[in-house]
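Peer 1: Following this message is one structure expressed as structure tokens.
Just so you know, all these numbers are worked out from the coordinates, no wet-lab data involved. Small disclaimer: the values here were computed from a predicted structure and weren't measured. Here the Cβ positions follow ideal geometry from the backbone for every residue, glycine too, while neighbour counts run over all protein chains shown.
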Amino acid sequence: MLDVHPPHSPTHTWKDFFIHVGTICVGLLIAVGLEQTIEVVHHHSERTEAR
């Protein structure tokens, strides 16, 4: 049986939509930045170990 629940908040506006999309983009940029930082540190330690 399918339960359909009414929304808890009023209808979302375009402003709410763009805030939500912006928040997701900022989170992705932070995640990619942290990943790249870890890769740089890892490559630096490998390069130092190879020398």
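Peer 1: Being loosely packed, with under 10 Cβ neighbours inside 10 Å, without any contact (Cβ under 8 Å) to a residue 60 or more places away in the chain and outside any helix (DSSP H, G or I), is that true of even one residue in segment 13-21?
Peer 2: Looking through segment 13-21, at least one residue is loosely packed, with under 10 Cβ neighbours inside 10 Å, without any contact (Cβ under 8 Å) to a residue 60 or more places away in the chain and outside any helix (DSSP H, G or I).
Peer 1: Now a separate question. Out of Thr48, Thr23, which single residue is within 18 Å of the chain's Cα centre (by Cα) and of a type outside the set (Gly, Ala, Ser)?
Peer 2: Thr23
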